[in-house]
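Just below is one structure, and these are the notes that go with it.
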Amino acid sequence: MIVKEDFLNRLRQYFGLNLYEVRTWTALLSRGVSTAGELSDIGNVPRSRAYDVLESLEKKGFVVMKLGKPIKYLAVEPQEVVIRVKKLVKQNSDVKIKKLEDLKGSDVLNELNSLYKQGIEFVEAADLSGAIRGRHNLYTHLDLMVKNAKKSVTLMTTSKGFLRKVEALKSELEKLAKKGIKIRIAAPISKENANAVNEISKIAEVRNNEGIKARFVIIDSKEIMFMALDDEEVHPSYDLGIWVNTPYFATALDNMFNSCWKDLEPASKALTKIK
């Protein structure tokens, strides 16, 4: 049996198998039923590992052990394997989520918070900074920043960036708006994002920014996240954000934003023009 390495790697990603498991499974699929020794030879798996690998596959629902001597193994239909794996992943996920939820208010979390508060006291303000790579990680950190806002959230972004931020941050921004926290967003307004502009305008002040191409977020004139690359030219996996917690720089950037903000066109006027 010859199976391309690329195919094996894809199976490992989809089903969460190691190399020996995926080799043994595909070998059994090609035979339907076989002994551990035969599968070891076909799949190029050490004989000393063959039974351990098959036992693991059996527990995961990929194979069935037949009664009798010699012991043989029967392949489960791939479509059924997918169903079993989905169920197992969900069960494991539910268990992990339950454990994490149980941490709320627990001694473990209180101890972790205590350690963090003690440690943060020794951190210089200049050290509260970092580079964050990958758009998923950027938005995870942005979500945390927004959650902690006490006075204001100031956002400048691109047309597509506006859509992404509305999708990722809308629920948190709605909570802030109910608390009376000031939210301002400057972005190019177009037909592409018009619906999102209408929706977010209920909780934030939005203005049309066509002259300045920039992406940044300022929280409470203290904390900044600015994106270093053009989102039209960079793959999401390589997008890069610089996070800085410094009132001095944040206040300066906020003041510059205010100077631009007063000259920007209100969203309602910009939307009228593009209809």
Relative counts (whole %) of C-alpha pair distances in region 126-274, using bins that are 10 Å wide: 11, 44, 38, 7, 0
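Please say if region 18-62 is rounded, prolate or oblate, where rounded means a/c under 1.5 for a ≥ b ≥ c the square roots of the C-alpha gyration tensor eigenvalues, and otherwise the choice is prolate for a/b larger than b/c and oblate otherwise? Don't skip to the end; give the middle numbers.
Working: a/c = 1.41, a/b = 1.08, b/c = 1.31.
Verdict is rounded for region 18-62.
What does the charge count around K179 come to, taking other residues whose C-beta lies under 12 Å from its C-beta (Lys +1, Arg +1, Asp -1, Glu -1)?
Details: positive: K147, K150, K151, K175, K178, K182; negative: E172, E174.
Around K179, the surrounding residues sum to +4.
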Most mobile listed residue (G68, G105, G161) in the chain, GNM with C-alpha springs under 10 Å: G68
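Which order, highest average first, do 224-235, 208-219 follow once you tally other Cβ atoms within 10 Å for each residue and take the mean per peptide? Mind showing how you got there, number by number?
Values: 224-235: 14.8, 208-219: 18.2.
Highest mean packing first, the order is 208-219, 224-235.
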Kirkwood-based shape ratio for region 1-115, expressed as Rg/Rh from alpha carbons: 1.16
Directionally averaged shadow of region 1-40, computed from the convex hull of its alpha-carbon atoms, nm²: 2.7 nm²
P(r) histogram, all alpha-carbon pairs of the chain included - 5 Å bins from 0, percent: 1, 5, 9, 11, 11, 9, 8, 8, 8, 8, 8, 6, 5, 3, 1, 0, 0
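Under the classification rounded if a/c is under 1.5, otherwise prolate if a/b is larger than b/c and oblate if not, where does region 221-275 fall, given a ≥ b ≥ c as square roots of the Cα gyration tensor eigenvalues?
Working: a/c = 3.56, a/b = 1.21, b/c = 2.94.
Here region 221-275 falls in the oblate category.
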Tilt relative to the chain, helix 135-147 - C-alpha long axis, 0 to 90 degrees, to 10: 50 degrees
Angle in degrees between helix 107-120 and the longest Cα principal axis of the chain, rounded to the nearest 10: 50 degrees
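In a shell of Cβ-Cβ distance under 13 Å around R84, excluding R84 itself, what net charge do Lys and Arg (+1) and Asp and Glu (-1) give? Walk me through the numbers on the way to the answer.
On the way: positive: K59, K60, K86, K87, K90; negative: E58, E77, E80.
So the environment of R84 carries a net charge of +2.
Given only helices, namely DSSP H runs of n ≥ 4 each adding -39500 (n - 2.57), what is the per-residue ellipticity at 222 nm of the chain, to the nearest 500 deg cm²/dmol?
Working: 11 runs with 147 residues, N = 275.
Roughly -17000 deg cm²/dmol at 222 nm, from the helical runs in the chain.
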In Å, descending, principal axis extents of the Cα set of region 201-242: 32, 26, 19
Rounded to whole Hz, the Karplus (6.51, -1.76, 1.60) HN-Hα couplings of region 263-269, x for glycine and proline: 9, 7, 6, x, 4, 4, 6
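Every number in this text was worked out from the coordinates using simple rules, so none of it is lab data. Just so it is clear, the structure is predicted and the values come from calculations on it, not from any experiment. All Cβ positions, glycine included, derive from the backbone under ideal geometry; neighbour counts span all protein chains shown.
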